[in-house]
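Here's the structure, in structure tokens; my notes come after.
The values are calculated or read from the model by the stated rules, or taken from the named source; none is laboratory data. In this text, all values refer to a predicted model and were calculated from it rather than measured experimentally. For neighbour counting, all protein chains shown are included, and Cβ atoms are generated from backbone atoms with ideal geometry for every residue, glycine included.
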Amino acid sequence: MATPVESANLILKLYELRREPVMREARNYFMSFDPRSVGDYMAAMAGPHSGHIRMVTSYWEMAASFVVGGAIDAGLFEASAGEQMLVFGKIEPFLPELRQAMGNPNMLRNLEQLCVSAPGGLERVRAMVERIRGMMAARAAS
């Protein structure tokens, strides 16, 4: 298991990566990305934002793998991040079908494990997605 200092250093490095300009652009896109099915996801993957989707999902899968693998303390990570819950929540309803469509039964497995095992788990994930959908709808209406 990682020491608190090792965990903190890795979390800070992950934060630095999230601030990179292209990653910020990808994260901004992902906030408004609202797939409701595998078809929606696959259509977006064939469009101009494919790179953004891949960048965000692979980033959070990588970060989750650090926690699941013990390189980052889960409690410290949970206290310092939350975006992973939203990313997972946007694909959670159709993840089994997405894994099948992509031919990858382990797609986003670490992210799933991290989010489901977090305090509040799936309830928190789903509540966050609904909150963001509401925010995006309010923004679009104004």
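A few notes on this one:
- Sole exception among (1) within 13 Å of the chain's Cα centre (by Cα); (2) of a type in the set (Asp, Glu); (3) surrounded by fewer than 14 Cβ atoms within 10 Å (Cβ to Cβ) for residue 123, by number: (1)
- Selection of the stretch 32-74 for residues being of a type in the set (D, E, K, R) and either buried (at least 18 other Cβ atoms within 10 Å of the Cβ) or on the phi > 0 side of the Ramachandran plot (or both) yields 61, 73.
- Filtered by the rule that a residue be at pLDDT 95 or above, assigned to a helix (DSSP H, G or I) and under 15 Å from the mean Cα position of the chain (by Cα), the stretch 29-49 gives 29, 30, 41.
- Filtered by the rule that a residue be of a type in the set (Lys, Arg) and more than 20 Å from residue 45 (Cβ to Cβ), the stretch 80-133 gives 124, 126, 131, 133.
- Verdict on residue 106 being modelled with pLDDT of 95 or more and loosely packed, with under 14 Cβ neighbours inside 10 Å: yes
- Pairs linking a residue in the stretch 90-119 that is touching a residue at least 12 places away in the same chain (Cβ under 8 Å) to a residue that is among the polar types (S, T, N, Q) and not in a helix (DSSP H, G or I), with Cβ atoms under 7 Å and 6 or more positions apart or on different chains, are 94/37.
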